[in-house]
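Here is the structure we will look at.
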Amino acid sequence: MRAAVLHTHGQPPSHAEHPDPVAGEGFSVVRVTAAPIVPLDLLCASGTSYFGPPALPYVPGVQGVGVVEESATVAPGTRVFFATSAGMAAGDGSLAERAAVPDGDLIVLDAPVRDAAVAAIGLSGVAGWMMLTWRARLQVGERVLVLGGGGAVGQVAIGAARVLGASRVVAVVRSDASRERALAAGADEAVALSTDVDELTARLGEPTYDVVIDSVFGVAATAASRALAAGGRLVNLGGSSSDEAVFSSAVLRSKSASILGYTNNALTEDQRRDALTAVLQHAATGEITVAYETATLADVESAWKRQTTGNTPGRLVLTIP
């Protein structure tokens, strides 16, 4: 089969021939139709992740969309979303014509959403939805602040907050392009990020946010903690800006505020399936969107480089005929 094959850590994969996957016990074979290039793919392929450098050569790709070809648990011809551990454990991923997928990582798709759009939303959609519902326990009428509002998780969180009844949704963004994506996703306002915590705190205004969704951390999280309302909850998914933030004990105590961590890895298979299903139902009506651009599998090298530099109008999805 044709695949994106990584031969050197830190370099883009190349479009090349690669052995076809085999449907062993507990695994299904999926004919891939669309697969995103996500930050975790770039991290694992760099050889510098906390999982350790993956054995080479291998096919990156931790998620994708396709049609089941061989399976003991799902009927052939079924359209599915799937996740893989490529780069985190031995084995190949989704950036190929076919992929071997653990049976438990298949999610049957019913929503009338294009494969490329499903791939763009993917596990970012799961995270955006579950951070609001499961961790923050968002209530109707509450106010939401989304840090990193132009990213995939941020865009989903903005749309999901609207769907779940938030009274106001504000995004913090890095650039004009991020601002456009956040506003298109449904944000009432987009605030420019600043590296000065006092300046950003002033931009956020009075402490009015009941929930903060954070994939940035660092200065942005510090400022957001100051802007929390009484009983506010800040849910952190990642640290694209910094791995550390500074929180005032007095501020947190005076508001009875909560700082909560989140990872998709803590979800059960049922939680992940139900969250993605819910997000895609709203994506089908246009209430939840993620900006994306497509490229072909044959163009993986240039697409990978663009995703690495951030030179894209959104998530980059490889389509596979």
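Would you mind telling me the antiparallel percentage of the DSSP bridges in the chain, rounded to 5?
50 percent
Determine the relative contact order of the chain: mean sequence separation of Cα pairs under 8 Å and six or more apart, normalised by residue count, in whole percent.
Relative CO of the chain lands at 18 percent.
Is the shape of segment 87-136 rounded, prolate or oblate, going by the alpha carbon gyration tensor and its root eigenvalues a ≥ b ≥ c, with a/c under 1.5 for rounded and a/b larger than b/c for prolate?
Note, shape of segment 87-136 comes out oblate.
Quick one: Cα centre-to-centre distance for segment 114-174 and segment 255-321, in angstrom?
So the separation of the two Cα centres works out to 11 Å.
Compute the normalised compactness of segment 185-251: alpha-carbon radius of gyration over 2.2 N^0.38 Å, N being the residue count.
Expressed relative to 2.2 N^0.38 Å, the Cα Rg reads 1.03.
What is the Cα centroid distance between segment 188-241 and segment 5-83, reported in whole angstrom?
So the two Cα centres are separated by 35 Å.
How much of residue 258 can a 1.4 Å solvent probe reach, expressed as accessible area in Å² and rounded to 10?
Accessible area of residue 258: about 40 Å².
On full extension of the chain, what length is gained from residue 299 through residue 284, given 0.36 nm per residue of separation minus the C-alpha to C-alpha distance?
This chain segment gains 2.6 nm when fully extended.
Using alpha-carbon pairs under 8 Å, 6+ residues apart, how would you state the relative contact order of segment 206-279 in percent?
Here the relative contact order equals 30 percent.
How large is log10 I(q)/I(0) at q = 0.12, 0.13, 0.14 Å⁻¹ when the Debye formula is applied to the Cα atoms of the chain, each weighted equally and without solvent?
Relative scattering, expressed as log10 I(q)/I(0), comes to -0.79, -0.91, -1.04.
Of all the C-alpha pairs in segment 1-49, what % are more than 16 Å from each other?
54 percent
Of the beta bridges DSSP finds with both residues in segment 11-99, what % are antiparallel, to the nearest 5?
Of those bridges, close to 90 percent are antiparallel.
Using a 1.4 Å probe on the protein heavy atoms only, what accessible surface does residue 309 show? Give it in Å² to the nearest 10.
It works out to around 110 Å².
If you add up the charges near residue 194, with Lys and Arg at +1 and Asp and Glu at -1, over every other residue whose beta carbon is less than 11 angstrom from its beta carbon, what do you get?
Counting the neighbours of residue 194, the net charge comes to -1.
Taking a ≥ b ≥ c as the square roots of the Cα gyration tensor eigenvalues, with a/c under 1.5 meaning rounded and otherwise prolate when a/b beats b/c, else oblate, which class fits segment 114-233?
Cα axes put segment 114-233 in the oblate bin.
Per the 1.4 Å probe, what fraction of the accessible area of the chain, in percent, lies on carbon and sulfur atoms?
51 percent
Residue farthest toward the positive end of the dipole of the chain, with Cβ of Lys/Arg at +1 and Asp/Glu at -1: which of 81, 238, 298?
After comparing all options, I get 238.
Classify segment 57-124 as rounded, prolate or oblate, taking a ≥ b ≥ c as the square roots of the eigenvalues of its Cα gyration tensor: rounded when a/c is under 1.5, otherwise prolate if a/b is larger than b/c and oblate if not.
Oblate shape, in that a/c is at least 1.5 and b/c is the bigger or equal ratio.
Among 248, 49, 94, which one moves the most in a GNM of the chain with springs linking Cα atoms closer than 10 Å?
The residue that fluctuates most here is 248.
Compute the longest continuous run of the chain that contains no exposed GluC sites (Glu not before Pro); treat a site as exposed when its DSSP state is not H, G, I, E or B and it has at most 14 other Cβ atoms within 10 Å.
Result for the longest clean stretch: 26-243.
The values are calculated or read from the model by the stated rules, or taken from the named source; none is laboratory data. Computed from a prediction, not measured in an experiment: that's the story for all the values here. Reconstructed Cβ throughout: ideal geometry from the backbone, glycine too, with neighbour counts over all protein chains shown. Please note that ligands, DNA and RNA were not included when accessible areas were found on the heavy atoms of the full protein model with its side chains. Shrake-Rupley method; radii C 1.70, N 1.55, O 1.52, S 1.80 Å.
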